[in-house]
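The values are calculated or read from the model by the stated rules, or taken from the named source; none is laboratory data. Owing to the predicted nature of the structure, the values given are computational and were not obtained by experimental measurement. Counting neighbours? That spans all protein chains shown, and the Cβs are built from the backbone with ideal geometry, glycine included. Keep in mind that these areas ignore ligands, DNA and RNA; they rest on the heavy atoms of the full protein, side chains included. Shrake-Rupley method; radii C 1.70, N 1.55, O 1.52, S 1.80 Å.
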Amino acid sequence: MRRKLVAGNWKMNGSLAANTALVAGIKDGLPAQACDVAVCVPAPYLAQVQGAVAGSAVALGAQDISAHASGAYTGEVSAAMLQEFGVQYVIIGHSERRAYHGESDVAVAAKTVAALKAGLVPVVCVGETLEQREAGKTNEVVGGQLDVVLEALAADEAARIVVAYEPVWAIGTGKTATPEMAQEVHAMLRARLAAKSAEAAAKVRILYGGSMKPDNAVQLLAMADIDGGLIGGAALKAADFLAIIQAAA
Ligand code: 3PY
């Protein structure tokens, strides 16, 4: 049995005051038998949120990582830096980074390798645009994105990643894939993992992301291959985030 994971992707939101209130609200309402829970925060707030989640069941995550260990890479943040702040999870290849920062599948694979080498858990995001879905290319695009990452990993490394399926057309639009649509893609992704290693197929958690909210979480999380959620807007309100955690617990 894979333990479910609910990770909040705060994106470029937050402030010192708002973060304090949000984390306190999450900690106060966390059910005892919760699934794994993480908050992936903007880099400047890692130290603050590390302190705020200390001693709780909420893990700390980052939203990006450099593929390089150190050096002349202005603006980048290394795996070692993330580790110093107690980061456990790092989102890699979110569609917003692919679209606005030109991150290629190869770059996503290199970042995944860097995260694993440092003992971080990469949350590798994959997803198709509406145009690609309507052209019947969902499996080719999404499966292809995962394959490039898997090619860069040894079988035992593949078993240590988390995958997040985030249809681009469902991000920030309020549209969600139906549970059946999502399950179909998740099952395809698990088959790609199985082609790499049986251990990876059994162990890797495949999260759904893309407007997961309290009112659709129960149905999505009931699907056989949906092992949790990567939560956007609903992760910014403690009550909504907790309702999703409750649905997964
Ligand atoms: C969303 O739900 O909008 C996301 O992009 C989660 O990563």
Worksheet item: Which one is nearest to the chain's Cα centre (by Cα), of the residues in segment 1-21 that are hydrophobic (A, V, I, L, M, F, W, C) and within 16 Å of the ligand (Cβ to nearest atom)?
Response: A7
Discussion item. Consider segment 1-41. How many of its residues are open to solvent by less than 40 Å² (accessible area, probe 1.4 Å), modelled with pLDDT under 95 and not small (G, A, S)?
Written reply: 1
Response to the item:
Those residues of segment 30-76 which are more than 20 Å from S15 (Cβ to Cβ) and among the β-branched types (V, I, T) amount to V37, I65, T74
Worksheet item: Does any residue in segment 151-177 that is touching a residue at least 12 places away in the same chain (Cβ under 8 Å) come within less than 7 Å, Cβ to Cβ, of a residue that is acidic (D, E) and away from the ligand (no atom under 16 Å from the Cβ) six or more places away or on a different chain, and which pairs are these?
Response: A155/E199; A159/E199
Worksheet, complete the sentence: Conditions (1) part of a loop (DSSP other than H, G, I, E, B); (2) over 20 Å from G51 (Cα atoms); (3) touching a strand residue (DSSP E or B) at 6+ places or on another chain (Cβ under 8 Å) -> Y73 fails only (3)
Practice prompt. Kindly list the number of the only condition in (1) within 15 Å of the ligand (Cβ to nearest atom); (2) free of Cβ contacts under 8 Å to residues at least 60 places away in the same chain; (3) of a type outside the set (V, I, T) that fails for G127.
Written response: (2)
Worksheet item: With respect to V49, is the statement that it is open to solvent by less than 10 Å² (accessible area, probe 1.4 Å), within 16 Å of the ligand (Cβ to nearest atom) and not acidic (D, E) true?
Response: no
Worksheet item: Any residue in segment 188-210 that is of a type in the set (S, T, Y) and at pLDDT below 95?
Response: no
